[in-house]
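Encoded as structure tokens, the structure appears first; notes follow it.
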């Protein structure tokens, strides 16, 4: 497992343990950003948080359900385990291109 994958998986575990991924929580779903803000050479995703440009742009306006969905997608992209609390997250909603 790469360092980036280890880092994002560890962040997900911390967020999950703190209850941030619970759909019934009133807490704001935290950003997956780990301050390694650099796109891959093909510009398909951030090397640190594994989000796409569209997901990064959408984050600030996304509701908790969409944020949980983005977490699922980026963890899958990273090859990291998805916590059970994110199992039902809706990751199908895509943001429209501007």
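A short reminder: the numbers here are calculations on the coordinates, not readings from a lab. Computed from a prediction, not measured in an experiment: that's the story for all the values here. Reconstructed Cβ throughout: ideal geometry from the backbone, glycine too, with neighbour counts over all protein chains shown.
Some notes on this structure:
- From helices alone, the chain scores -12000 deg cm²/dmol at 222 nm; the rule is -39500 (n - 2.57) for each run of n ≥ 4 DSSP H residues, then divide by the residue total.
- Modelled spin labels at residue 63 and residue 41, positioned 7 Å past Cα toward Cβ, are 4.1 nm from each other.
- Note on the chain: the alpha carbon radius of gyration divided by the globular reference 2.2 N^0.38 Å gives 1.00.
- For residue 53 and residue 31, the FRET efficiency from 1/(1 + (r/R0)^6), where r spans their Cβ atoms and R0 equals 22 Å, is about 0.90.
- Between residue 87 and residue 2, the contour length at 0.36 nm per residue exceeds the Cα-Cα span by 28.2 nm.
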